[in-house]
Amino acid sequence: MGSSKTRFEQIPVAVVKKIADRDRDKVPPRKKPVSRSSPSNTSSTPAAFGQEARIRFFDTALQLIQGEGDLKSALAPLVQLAAEAANSNSASFYIVDGKKNVLKPLITYGLPPEYVEACGDVRIGEQCCGRAVQHRTPWIVSDMLKDPLFASARTAATLSPIRSGFSVPVIDQNQECIGSLACHFREPHTPTTEEIERNQTWATLIAHIISEYKRGSSAPPWAIKRATS
């Protein structure tokens, strides 16, 4: 007999607890930016993660456990919470399209349309998100206008107020890298280890949700119309 459990009933309790335990009251000072992109190796600093955001997260988790909503509605609040937890202006989740070897924008929060359009589909191995996926490690671009490794998308930074960002790979339980979760800033910025680790927690939850989606849908995640806010 088939299982009566809902698609999202298996959300890891450890993931929920890890995020809740990281609630903080103080906003960290901004660290001195670096001039080139690199894998993250910053020191740990407490980061803000307010009570309101935590309540919204649990509300979202409850909806998922009850099996309500589609993939976009399930992921969009998590991308927004990732931005708030990193004290960033905006965030995005790009999904891997393995057939074309690119990342496609699935969820964007607070990103100017001209930035998203100028970045286009991100080739794996390029820009910040593409390098995070290729190397399977967090990647930082502290200043998009100066970083030589961000040259392929420098137009996006010149056409918009977005100036820096960092990405973490989204890796599922089968160790497949299925996308990248990024936070973006309007000034040169180097994230703290705490900010990066928190995004890795969100990435773990996103990977789980997508894994459950794949079990119940024949449509590839990258084929879904992009959600923006």
Residues with amide H under 5 Å from that of Arg163, placed H, sequence gap 5 or more: Phe185, Arg186, Glu187
Tail fraction, Cα-Cα pairs, region 134-217, threshold 21 Å, whole percent: 38
Region 149-195: translational diffusion in µm²/s, Stokes-Einstein, Kirkwood Rh over Cα pairs, 4 °C, 1.567 mPa s: 104
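With 10 angstrom as the radius, rank Val102, Val168 by how many other C-beta atoms surround their C-beta, starting from the fewest. Could the numbers behind the result be given before it?
On the way: Val102 19, Val168 30.
Arranged by neighbour count, lowest to highest, Val102, Val168 become Val102, Val168.
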Shape metrics for region 79-229, restricted to C-alpha atoms - Rg then Dmax, Å: 14.0, 44
Rounded to whole Å, sorted largest first: equivalent-ellipsoid semi-axes of region 77-149, Cα gyration tensor: 19, 15, 13
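Values in this text are rule-based calculations from the coordinates and carry no lab data. Everything numeric here is computed off the predicted structure, so don't read it as measured data. Glycine gets a Cβ as well: all are built from the backbone with ideal geometry, and neighbour counts include every protein chain shown.
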